[in-house]
Amino acid sequence: MKSSLMKIIGFLVVASFILSACTPPAQTAAPTKATGGESPAAPTSAPEATAAPVKDTGPVEVVIVQNSDPQTLDPQKPGGQTGGNFAFNLFDGLTIQTQDMKEVKPGLATEWRLVDDLTWEFKLREGVKFHNGEDFNAEVVKYTVDRLKMPDAVRITYSFGNVSHAEVVDDYTVRIITKTPDPMIPAKVFGLHMIPPKYDAEVGEEEFGKKPIGTGPYKLVENSPNQQIVLEAFDDYWGGKPAVDRLIFKPVPEASTRVAELMAGTGDIVLNVPPEDIPTIEADSDVHIATVPGKRVPYVGLDLMPQGPAYLKDVRVRQALNYAVDVDGIIEALLSGYGDRVATIYRQDFMGYNPDLKPYPYDPEKAKELLADAGIKEGDITLKIATSAETTNKGVEVAEAIAGMLQEVGINAEADVLAEQAIRDMYIGGQEAYKIDPLWLWNWGSREPDADSALSGFLHSSGITSYLRDETLDKMIEEARSMMDEDMRIEKHKAIQQYIYENAPVIFLYVSHDIYGINNRVEWTPRRDQYVLGIE
């Protein structure tokens, strides 16, 4: 491994020169085996208002330093981790997911049941108000689903593509109808953030994204892009007023500056700490490090659209790309071990995860052999790998290392370092514009302990970041999604893993660990789903 690590360091030096010229939780979130018309009703307890308490007494505030601001605060628009920090503080879903992603609890729904294979019925919490005083009821759920399903709108639909519509039964009973059976609906509606119909219609979508109104534990009091976004505890929150009065989110793109904010005491919770800064933080008695195996699975996407590069159509080339990348070396050399290798895009906690499927070994000679079999000579392929510092921890360095490894097997590769928003604009719903590099470093963070979100989001033909058109895989994904029998679903997911492993539609990498720097005055435990919440 030592020689491999030295190679990675060398790759980074070359790439820089070119540019200048975690114990996984078990799956228990929702019933997945149906034997009759109903599933057990969920308990009706409210969440505990105990997250992120500060040791001082009296009114308190917590400053969270993150990579960037989301482009919009509309919870139905793609926002990544930073967008989720606002969506899950300002808004509520029908259910609540625990910190470890093991369990789903009641949220705006107090209980739910499976009426038939296509119909989930939710009993709603009464007396809930939006921050502007609007009432929450079944009509709100229907409006929210209708808005999410608006045709041609760029929405976060990868968890809800199978939802057909919502039906109002009475003021506090609503049914969500799916196109095919979907056992994960109770887990998925954790991210179905309720939208106030009157306010949304009054101000319009663009203004709503700047000044959102929800039912969540916090309300927006200041939105100063690229400076700070301030949330204030909502006194009338149905789950009880949060322990922290104010959450201040500061966007700081530079990792070194984020760490400096922590060390200076001007940041309480700092996101995406570089692994090499951990010893410095641990040496300071006023701050500490907390890490957790994350929900995000970085990978290198490949342009497999019909009009894409001809060389990527050959499965031997795609397999060669996987053999050419020393993923274990990247985890050790660049991430200081803070990553878990995976054979495909399945996290270890996903239903049907196959531990017997071993990752592609680092074998540059095998990569060269496959390229030669495909008729590819040294220098025939020239490509760029789009990346940004915010795409994943050490996003630029990881892409540069991968480019260097591809150079070792005869591919002219270099990292194309872009602004994070530029990459998001290019790849999220950008298939029609089609202004992309042939490879791009990306990641997917499923909110549920289930592979359907990732499969639907970037491998199914309809996915919001999918640049693959594979009818066989599409059918397999759709079949797995609709299987209510748990054993059958597990077997189908194993078959999907084998299929994508052999066809290599992406370069498979690892599950990233989330690294936080925390001021000792704050008692806070990181969530596996990455969200920094003022109430759990």
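The values are calculated or read from the model by the stated rules, or taken from the named source; none is laboratory data. It should be emphasised that the depicted structure is a prediction, and the values quoted were computed from it without experimental measurement. A quick note on method: Cβ atoms are made from the backbone with ideal geometry, for glycine too, and the neighbour counts reach across all protein chains shown. Areas reflect the complete protein model, heavy atoms only, side chains present, ligands, DNA and RNA absent. Shrake-Rupley method; radii C 1.70, N 1.55, O 1.52, S 1.80 Å.
Across region 176-328, Cα pairs under 8 Å and at least six residues apart give a relative contact order of 9 percent.
Report the one residue of Phe458, Thr95, His131 whose Cα lies farthest in the direction of the positive end of the charge dipole of the chain (charges on C-beta: Lys and Arg +1, Asp and Glu -1; origin at the Cα centre). It is Phe458. Trp238 sits with roughly 50 Å² accessible to a 1.4 Å probe, with DNA, RNA and ligands left out of the calculation.
Here's the picture: charge each Lys and Arg Cβ at +1 and each Asp and Glu Cβ at -1 in the chain, and of Trp442, Val252, Gly216 the one pushed furthest to the positive end of that dipole is Trp442.
Quick check on my link table: of Lys211/Lys475; Lys142/Lys210; Lys368/Lys494, which ones sit more than 32 Å apart, alpha carbon to alpha carbon? From Lys211/Lys475; Lys142/Lys210; Lys368/Lys494, over 32 Å: Lys211/Lys475. For region 127-211, the square roots of the Cα gyration tensor eigenvalues, ordered a ≥ b ≥ c, give a/c of at least 1.5 with a/b no greater than b/c, which places it in the oblate category.
What the Cβ-Cβ distance of Glu222 and Lys198 gives, at R0 = 35 Å and to the nearest 0.05, is a FRET efficiency of 0.90. Annotation note: trypsin sites (Lys or Arg not before Pro) in region 471-511 located in DSSP loop regions with a Cβ neighbour count of at most 15 within 10 Å are absent.
To the nearest µm²/s, what D does Stokes-Einstein give for region 240-303 at 4 °C and 1.567 mPa s, using the Kirkwood radius over alpha carbon pairs as Rh? Result for D is 92 µm²/s. For the chain, the dipole from Cβ point charges (+1 on Lys and Arg, -1 on Asp and Glu) about the Cα centre works out to 420 debye, to the nearest 20. Think of a 1.4 Å ball rolled over the protein heavy atoms: region 185-309 then has 38 Å² of accessible area per residue. Radius of gyration (Cα atoms) of region 112-156, expressed as a multiple of 2.2 N^0.38 Å: 1.43.
Under the combined filter of DSSP loop state and at most 13 neighbouring Cβ atoms within 10 Å, region 285-390 retains these GluC sites (Glu not before Pro): Glu378. For the residue pairs Lys123/Lys149; Lys198/Lys295; Lys129/Lys394, the alpha carbons lie more than 30 Å apart in Lys198/Lys295; Lys129/Lys394. The tail of the calculated P(r) for region 417-536 beyond 23 Å holds 45 percent of all Cα-Cα pairs.
Only protein atoms count toward the accessible area here, which uses a 1.4 Å probe; on the chain, the carbon and sulfur part of that area reaches 49 percent. Bins of 20 Å, beginning at zero and ending with the bin holding the largest distance: percent of Cα pairs per bin for the chain, please. Taking every Cα pair in the chain, the percentages come to 22, 56, 22, 1. For region 484-523, build the charge dipole from Cβ charges (+1 Lys, Arg; -1 Asp, Glu) around the Cα centre, then report which of Leu509, Tyr499, Val522 sits farthest towards its positive end. Checked the options; the winner is Val522. The alpha carbons of region 164-243 stretch over 45, 31, 25 Å along the principal axes, in descending order. 3J(HN,Hα) along region 106-121, derived from phi through the Karplus expression 6.51 cos²θ - 1.76 cosθ + 1.60 where θ = phi - 60°, amounts to x, x, 6, 9, 8, 7, 8, 8, 8, 6, 8, 4, 10, 10, 9, 10 Hz, with x in place of Gly and Pro. For region 99-224, a simple Cβ point-charge model (Lys and Arg +1, Asp and Glu -1, everything else neutral) yields a dipole of about 300 debye relative to the Cα centre. The accessible area of Val532, taken with all protein chains in place and a 1.4 Å probe, comes to roughly 10 Å². On a per residue basis, region 392-523 carries 31 Å² of accessible surface, using protein heavy atoms and a 1.4 Å probe. Loop-located trypsin sites (Lys or Arg not before Pro) in region 175-270 (DSSP state not H, G, I, E or B) with no more than 12 neighbouring Cβ atoms inside 10 Å do not occur.
In the chain, helical runs assigned H by DSSP with n ≥ 4 each contribute -39500 (n - 2.57); averaged across all residues and rounded to the nearest 500, the mean residue ellipticity at 222 nm is -8500 deg cm²/dmol.
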